[in-house]
Amino acid sequence: MDSEPLIWTTKGNLPIASLEYSHAWEDQPEYLKFSETYRLDGEIVKQSAHVYVKQGVQAQPEQGAF
């Protein structure tokens, strides 16, 4: 099987080789984000992001008055 790898985009399944790929990292004090972008003739046809939150939300118990 010599099929070309495809990727699902807003234009349907397209060969990965026909797309321009870029990625970016954003490191902030609260989170670390990795994003991927695929373009076809300059138009974004697929974009995804993965975010890692560096510190969890502080859970504060709420006590009601009875």
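A short reminder: the numbers here are calculations on the coordinates, not readings from a lab. Computed from a predicted structure; not experimentally measured. Reconstructed Cβ throughout: ideal geometry from the backbone, glycine too, with neighbour counts over all protein chains shown.
About its Cα centre, what dipole magnitude does segment 6-53 give when the only charges are +1 on Lys and Arg Cβ and -1 on Asp and Glu Cβ, stated in debye to the nearest 20?
Details: 4 positive and 7 negative charges, 44 e Å.
Computed charge dipole of segment 6-53: roughly 220 debye.
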Correct option for Rg/Rh (Cα atoms, Kirkwood Rh) [calculated from the coordinates] among [x] 0.93; [y] 1.32; [z] 1.06
[y]
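Count charges around I44 for me, please; just the other residues with Cβ under 12 Å from its Cβ, Lys/Arg as +1, Asp/Glu as -1.
Details: positive: K11, R39, K46; negative: E20, E36, D41, E43.
Once all neighbours under 12 Å are counted, the net charge is -1.
Local charge sum around D27 (other residues, Cβ-Cβ under 11 Å, Lys/Arg +1, Asp/Glu -1)?
On the way: positive: K33, K54; negative: E26, E30.
Overall, the nearby charge balance is 0.
Over segment 6-53, calculate the relative contact order: mean separation of alpha carbon pairs under 8 Å at least 6 apart, over the residue count, as a percent. Mind showing how you got there, number by number?
Numbers: 76 pairs, mean separation 14.8, N = 48.
Dividing the mean separation by the residue count of segment 6-53 yields 31 percent.
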Once the other residues with Cβ under 14 Å from the Cβ of S18 are scored (Lys, Arg +1; Asp, Glu -1), what is the net sum?
-1
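Once R0 is set to 25 Å, what does the formula 1/(1 + (r/R0)^6) return for the Cβ-Cβ distance between V51 and T10, expressed as a FRET efficiency to the nearest 0.05? Can you show the working numbers first?
On the way: r = 22 Å, r/R0 = 0.87.
Computed FRET efficiency for V51 and T10: 0.70.
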